[in-house]
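One structure is given below, encoded as structure tokens.
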Amino acid sequence: MDRCVVLVDAGYLLGAAASLLAGEPARSRITVDHTALIQGLRELAETDTERPLLRIYWFDGAPDRVPQPEHRRLRVMPRVTVRLGALTRSDGRWAQKGVDAAMHAELTELARNRACSDVVLVTGDGDLLPGLMSAKEHGVAVHLWAVQAADGDYNQSEDLVAEADERRVLDRAWITTAVRARELGAVCAPPPVPRPEIAAILSAPLPESALAAAQASAPETARNGTRPAADGEETAPAPAAAKGVPTPKDLASLRAPGAHAPQHPATATLRWSSDKGWVERPGAGALGEPPETASLPTLAQLTSAEQRWADREEDITTVGGDPFEVGQVFARRWMERLPETGHVQKLSTMYPRIPHRIDGELLRYAARFGLLAHKDDQIDEHDRYAIRAGFWREIDVRAAAEHAPAGE
């Protein structure tokens, strides 16, 4: 058949692009416009081979072969098929397993079935040499594409280079049409707008009683990790030393100047993401949900079956999976479907706590984008803060718009 097929080793393409643009092969150092990248591959392949495109095969690794956000976006694009191998971590480094074998099988099958006349290989792996030679024996012209090496040397197997019918180097100018280097120190979420009431809490000193207790127990704690027991009291572990950044529990014991510090039971602990504030530890009972937050509906309660389908389509095709963006999308949908605008103002007064029902729903939504891809099935702490920062940023924008005078 007079058609061309493109087989892309994503680990090679994006790793080499990261080396070229950011100086190291870590894909976390670059951002990729996958739509522009696929379109560029298609146009260049059709130009080089002078054949219409049959399909682009995108081979990549993923933890447990679970599609990540970029894979979900790619596999719904026209003429794109995603094939996933495993992604494993060994000695502190990630490695793909099964990707080269899948590429070899696809290449030989396409050639054997005469599905195309030209194959474009974007890879540097010498393990594909037998597949390349088999394709040539079936009359298929093999075009080998390389990414420009950062040091000007080869980043491909010399055997592949020797056996290919045609070669092309994807230079920096071509790569940068779809790939950009991340700036060092860049974060996935812009800093939230400072709020005076939160700044007051963070700047307030620890209560004198807490500081005195910490100082009194410090020498004994340094020796054996426990504090001396008072008369008739069992020895208990000493409280942790104060840290540079206050924990949620620290914040609960702080108060703004002039504010009344509520008393909490000694067995209580703070759930930072919850509207419950202090809740008793397991076995000590539970506090009911405050009525002011119980009236706030969840996104699931506000979403019809048709909207749920449309949301899923948007998640697959347009939502990138960045934690901050995930929080924004969730907040936008929740606000757009609220029957009463007063709910937004009510929620805004609860900053920085998100009602626990809505917060749990937000984190479950984030799990769709691979943000739970950890051994303990927990979202990374940095990602959790970014998700909630995105949520609050969207809430702030809407609340500010509703308070703005007409005509502004």
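Once fully extended, how much extra length lies between Met1 and Leu129, figured as 0.36 nm per residue of separation less the alpha-carbon to alpha-carbon distance? Fully extending the segment from Met1 to Leu129 adds 43.8 nm. For the stretch 321-363, GluC sites (Glu not before Pro) are listed when DSSP marks them as loop and at most 12 other Cβ atoms sit within 10 Å of their Cβ; the list is Glu340.
Spin-label model, Arg368 to Arg168: label points 7 Å out along the Cα-to-beta-carbon direction sit 3.6 nm apart.
Restriction of the GluC sites (Glu not before Pro) in the stretch 1-95 to DSSP coil positions whose beta-carbon has at most 14 other beta-carbons within 10 angstrom yields Glu50.
To the nearest 0.05, how large is the calculated FRET efficiency for Arg332 and Glu109 if R₀ is 56 Å and r is the Cβ-Cβ distance?
On the way: r = 44 Å, r/R0 = 0.79.
So, using R0 = 56 Å, E works out to roughly 0.80.
One decimal place: the segment Val397-Glu183 gains 74.4 nm when fully extended, by the rule 0.36 nm per residue minus the C-alpha distance. For His382 and Glu137, a Förster radius of 56 Å and the Cβ-Cβ distance give a FRET efficiency of 0.65, rounded to the nearest 0.05. Between amide H atoms placed 1.01 Å from N, distances below 5 Å from Arg55 occur with Val6, all of them 5 or more places distant or on a separate chain.
Net charge within 15 Å of Ala22 by Cβ-Cβ distance, Lys/Arg positive one each and Asp/Glu negative one each, not counting Ala22 itself?
Details: positive: Arg27, Arg29, Arg172, Arg180, Arg182; negative: Glu24, Asp151, Glu183.
Summing Lys/Arg as +1 and Asp/Glu as -1 gives +2.
For Ala146, nonlocal amide neighbours, meaning residues 5 or more places apart or on other chains whose placed amide H falls under 5 Å from its own, are Arg168, Val169, Leu170. For the stretch 91-159, trypsin sites (Lys or Arg not before Pro) meeting the loop criterion (DSSP other than H, G, I, E, B) and having at most 12 other Cβ atoms within 10 Å: Arg114. So if R0 is 35 Å, what FRET efficiency would Asp151 and Glu50 give, r being the distance between their Cβ atoms, rounded to the nearest 0.05? The pair Asp151/Glu50 has a calculated efficiency of 0.60.
Any read-out appearing in this document is the output of simple, stated calculations on the displayed coordinates, not a laboratory observation. In this text, all values refer to a predicted model and were calculated from it rather than measured experimentally. Please note: Cβ atoms are built from the backbone with ideal geometry, for glycine as well, and neighbour counts cover all protein chains shown.
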